[in-house]
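The values are calculated or read from the model by the stated rules, or taken from the named source; none is laboratory data. Computed from a predicted structure; not experimentally measured. Cβ placement follows ideal geometry from the backbone for every residue including glycine, while neighbour counts extend to all protein chains displayed.
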Amino acid sequence: MPLVALTGGIASGKSTIAARLAEHGAVVVDADQIVRDVQQPGTPVLSAIADRFGDQMLRDDGALDRAALGAAVFGDGEAVSALNAIVHPAVRAESERRFARAFEADPDAVVVYDVPLLAETRARDPWELVIVAHAPAQVRRQRLVEIRGLSVTDADARLASQVSDEDRLRLADVVIDTAGDLAHTHAQVDDLWESLPAMIATVRS
């Protein structure tokens, strides 16, 4: 029952790796999806966000206005810390429930936690393997501008707000180079999947 962490910076191709691992049979637990789930209307997390940041964080239908919240906290370290203190414990608890559910359904499952903030929040957890999706900052900047439509200034601000590549790579057992084309990324993931049992056995020994 290996528990594998998959992380990477913004626009690093992490989701592409997760999707390929899922095609091979891995059970992928998506941290970003958990964040959305724990912030649904009626949840304690959403109530706490509204209490801390104001009802203007809610849309007319009661759902979280993600753009408003992002604007309220971006570049404000104190606000980010306050938001993290609300969200991260709930995400951790829900992720643990999903890990347990996956292993209960299949004790031999390979469970992959797709988590962008591994270095910031869960670096010391007992992962059996840490995979890092990596592309140089200039490649990720280009993707943010050309694919996601951000301005160069906004793209640079997003990149600067994240942990450094060096800190993220320091956690890696495996690095997937995502600077090339899709076939190149897929080939690396395919090779990793083939070698995964031996790698896990080495970690456990």
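A few notes on this one:
- Residue in the stretch 120-128 that is within 27 Å of residue 85 (Cβ to Cβ), out of contact with any Asp or Glu (no Cβ under 8 Å at 6 or more places or on another chain), of a type in the set (Lys, Arg) and touching a residue at least 40 places away in the same chain (Cβ under 8 Å) present: yes
- Meets criteria (without any contact (Cβ under 8 Å) to a residue 12 or more places away in the chain and not aromatic (Phe, Trp, Tyr)) for residue 96: yes
- Some residue of the stretch 146-168 being part of a loop (DSSP other than H, G, I, E, B) and within 24 Å of residue 20 (Cα to Cα): yes
- Among (1) out of contact with any Leu (no Cβ under 8 Å at 6 or more places or on another chain); (2) of a type in the set (S, T, N, Q); (3) without any contact (Cβ under 8 Å) to a residue 60 or more places away in the chain - the single one residue 12 does not satisfy: (3)
- Pairs where the first residue, in the stretch 186-205, is within 17 Å of residue 108 (Cα to Cα) and the second is modelled with pLDDT under 90 and not β-branched (Val, Ile, Thr), C-beta under 6 Å, 6+ apart: 200/2
- For the stretch 28-43, taking the residues that are surrounded by fewer than 19 Cβ atoms within 10 Å (Cβ to Cβ) and in a loop (DSSP other than H, G, I, E, B), the one that is nearest to the chain's Cα centre (by Cα) is identified as 40.
- Test for residue 172: is it in contact (Cβ under 8 Å) with a residue 40 or more places away in the chain, under 21 Å from the mean Cα position of the chain (by Cα) and part of a loop (DSSP other than H, G, I, E, B): yes
- Selection status of residue 117, assigned by TED's automatic domain parsing to the domain that holds residue 198 and modelled with pLDDT of 95 or more: no
- Residues of the stretch 1-27 that are in a strand (DSSP E or B) and either more than 12 Å from the chain's Cα centre (by Cα) or over 20 Å from residue 135 (Cβ atoms) (or both): 3, 4, 27.
- Qualifying residues in the stretch 163-205 (those that are among the polar types (S, T, N, Q) and buried (at least 16 other Cβ atoms within 10 Å of the Cβ)) - the one farthest from residue 11 (Cα to Cα): 188
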